[in-house]
Amino acid sequence: MKQALKKTALVGTVLLMLSSINTIQAKEVEVSVPIICEKGENLIPIRKVAETLGAKSITWNKKEHILSMEVDYKLSHLYLSYLNGLEETNREYVEPLPPRLRNMELPPYPLKGINGQQLEQRSITLELKDGDYSASYAVYDYKIADNTLYLGEEWLNTIFLADSIKIQSKDKLQVQYLDKGELEEEVKTLEGLIKPTTAEQAIALWSRGQQTRSGALQYSALSEPLQKKVMEQFSGWVTGGSSPSLGKLVSQQAEVVDEGHKVYTLQYDEMLQGKVSGHIQQKVFVEHVDQNGKGFWLITGVEGDTEYYSLIK
């Protein structure tokens, strides 16, 4: 897959440049307070910078120490979930990707760990909201000065998937990240590449998605009606947990109903603290469907042990 397009933003006098082959568009925003440095860490005035990078609304609850932002977070996590599921792994129990999806040229995994200084004893809560979906983080690398809230610069990576952050001067910051349109294009490209063309590919994606906790990989193997059902009860793109976790696919039996329908009976190891603690069984119904003139094999139903490890509830 081609490298994702990046959006370059200069924040200070803020200059946003959407790069394409033939055009460059610019937007300027004035920032009245400078970037500051505490214990060697750069802190940015979060409200103005976040608004410039696309936050729809920002509220600060001074009493409760809660910073809330409306951002396109569900889409960001869908993208991360795809990359997580497609990433090469040396875990032996994880179902291999279908051959056509191996060694894909993926963009760098954009979400980094936060290693900021503990500048304050009391944390603030960062709430990222997207409709009824939200996630919360504890932030210790912050400062409140002159009625301005500053956060460590790496939080732009968590909030906006910024993969390059450079301080140009005390009032200018350069950020590279995917804007909403570019992110939608990346996700659409991934979904088009991943969609299974055989029943075996559908089962491989389903199994690997549960083993790697990638809800996106599971989602890519589902029929449109089942995808719709998932979104009606959506609670996040990360499924299962680190322990217990879904282990090796130890048994797979296929029943051919007719030339367009197959039923798979699957059994997986269930892992607890690195050891097999039991088994999980699922029955997966796979059907050949035509979409836009192309034939795919998609999962139309799942029965059995799904509540914890899969998107199907």
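Determine whether residue 176 is touching a Gly at 6+ places or on another chain (Cβ under 9 Å), in a strand (DSSP E or B), open to solvent by 10 Å² or more (accessible area, probe 1.4 Å) and touching a residue at least 24 places away in the same chain (Cβ under 8 Å).
Details: touching a Gly at 6+ places or on another chain (Cβ under 9 Å): no; in a strand (DSSP E or B): yes; open to solvent by 10 Å² or more (accessible area, probe 1.4 Å): yes; touching a residue at least 24 places away in the same chain (Cβ under 8 Å): yes.
When the stated conditions are applied, residue 176 does not pass them.
Output the number of the condition that residue 292 fails; it satisfies all remaining conditions of (1) at pLDDT below 95; (2) under 17 Å from residue 212 (Cα atoms); (3) among the polar types (S, T, N, Q). That leaves (2) as the condition not met.
Scan region 145-173 for residues that are part of a loop (DSSP other than H, G, I, E, B), within 15 Å of residue 52 (Cβ to Cβ) and open to solvent by 40 Å² or more (accessible area, probe 1.4 Å) and report the count. The total comes to 1.
No other residue among 120, 87 is of a type in the set (Asp, Glu) and under 16 Å from the mean Cα position of the chain (by Cα) apart from 87.
One line per residue, one yes/no per condition, for (1) open to solvent by less than 70 Å² (accessible area, probe 1.4 Å); (2) of a type in the set (Val, Ile, Thr):
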{"position": "50", "(1), (2)": "yes, no"}
{"position": "54", "(1), (2)": "yes, no"}
{"position": "58", "(1), (2)": "yes, yes"}
{"position": "61", "(1), (2)": "yes, no"}
{"position": "64", "(1), (2)": "no, no"}
{"position": "68", "(1), (2)": "yes, no"}
{"position": "91", "(1), (2)": "no, no"}
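So that you can scan it fast, the table gives a plain yes or no per residue for (1) part of a strand (DSSP E or B); (2) open to solvent by less than 60 Å² (accessible area, probe 1.4 Å); (3) polar (S, T, N, Q); (4) closer than 16 Å to residue 196 by Cβ:
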site: 236; (1), (2), (3), (4): no, yes, no, no
site: 240; (1), (2), (3), (4): no, yes, no, no
site: 247; (1), (2), (3), (4): yes, yes, no, no
site: 256; (1), (2), (3), (4): yes, no, no, no
site: 264; (1), (2), (3), (4): yes, yes, no, yes
site: 280; (1), (2), (3), (4): yes, yes, no, no
site: 286; (1), (2), (3), (4): yes, yes, no, yes
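Being free of Cβ contacts under 8 Å to residues at least 40 places away in the same chain and more than 26 Å from residue 159 (Cβ to Cβ) is the filter; apply it to region 101-122 and report the residue that is least open to solvent (accessible area, probe 1.4 Å).
Kept after step one, since they are free of Cβ contacts under 8 Å to residues at least 40 places away in the same chain, are these residues of region 101-122: 102-103, 109, 113, 115, 118, 120-121.
This time we only want the ones that are more than 26 Å from residue 159 (Cβ to Cβ), so: 102-103.
On the way: 102: 110, 103: 134 Å².
Filtering region 101-122 for residues that are free of Cβ contacts under 8 Å to residues at least 40 places away in the same chain and more than 26 Å from residue 159 (Cβ to Cβ), the one least open to solvent (accessible area, probe 1.4 Å) comes out as 102.
Residue 85 meets the conditions (1) surrounded by fewer than 16 Cβ atoms within 10 Å (Cβ to Cβ); (2) touching a helix residue (DSSP H, G or I) at 6+ places or on another chain (Cβ under 8 Å) in every case but one. The failed one is (1).
Just one residue in the set 300, 306 is β-branched (Val, Ile, Thr), within 25 Å of the chain's Cα centre (by Cα) and at pLDDT 95 or above; that residue is 300.
Would you say residue 227 is within 14 Å of residue 308 (Cα to Cα), without any contact (Cβ under 8 Å) to a residue 40 or more places away in the chain and not hydroxyl-bearing (Ser, Thr, Tyr)? Spelling it out, it is not the case that residue 227 is within 14 Å of residue 308 (Cα to Cα), without any contact (Cβ under 8 Å) to a residue 40 or more places away in the chain and not hydroxyl-bearing (Ser, Thr, Tyr).
Scanning region 294-313 for residues that are touching a strand residue (DSSP E or B) at 6+ places or on another chain (Cβ under 8 Å), loosely packed, with under 14 Cβ neighbours inside 10 Å and free of Cβ contacts under 8 Å to residues at least 40 places away in the same chain gives a single hit, 303. Within region 125-133, is even one residue open to solvent by 60 Å² or more (accessible area, probe 1.4 Å) and of a type outside the set (Lys, Arg)? Within region 125-133, one or more residues are open to solvent by 60 Å² or more (accessible area, probe 1.4 Å) and of a type outside the set (Lys, Arg).
One residue stands out among those in region 135-170 that are among the charged types (D, E, K, R) and either touching a helix residue (DSSP H, G or I) at 6+ places or on another chain (Cβ under 9 Å) or in contact (Cβ under 8 Å) with a residue 24 or more places away in the chain (or both): the one that is farthest from residue 121 (Cα to Cα), which is 163.
If you filter region 275-293 down to residues that are touching a residue at least 12 places away in the same chain (Cβ under 8 Å) and of a type in the set (D, E, K, R), you find that the one that is farthest from residue 233 (Cα to Cα) is 287.
Filter region 179-215 down to residues that are open to solvent by 20 Å² or more (accessible area, probe 1.4 Å) and in a loop (DSSP other than H, G, I, E, B) and give me whichever is modelled with the lowest pLDDT. Talk me through it step by step, then tell me what you get.
If we filter region 179-215 for residues that are open to solvent by 20 Å² or more (accessible area, probe 1.4 Å), which is where we start, we get 179-181, 184-185, 188-189, 191-193, 195, 197-198, 200-201, 213.
In the following step, the residues that additionally are in a loop (DSSP other than H, G, I, E, B) were identified as 179, 195, 197-198, 213.
Working: 179: 80, 195: 95, 197: 96, 198: 97, 213: 96.
If we take residues in region 179-215 being open to solvent by 20 Å² or more (accessible area, probe 1.4 Å) and in a loop (DSSP other than H, G, I, E, B), then 179 is modelled with the lowest pLDDT.
Condition check for residue 115 on (1) farther than 17 Å from residue 40 by Cα; (2) out of contact with any Pro (no Cβ under 7 Å at 6 or more places or on another chain); (3) not charged (D, E, K, R): one failure, at (1).
The values are calculated or read from the model by the stated rules, or taken from the named source; none is laboratory data. Nothing here was measured: the structure is a model prediction, and the numbers come from that model. Cβ atoms come from the backbone with ideal geometry, glycine included; neighbour counts cover every protein chain shown. Surface areas here come from the heavy atoms of the whole protein model, side chains and all, with no ligands, DNA or RNA. Shrake-Rupley method; radii C 1.70, N 1.55, O 1.52, S 1.80 Å.
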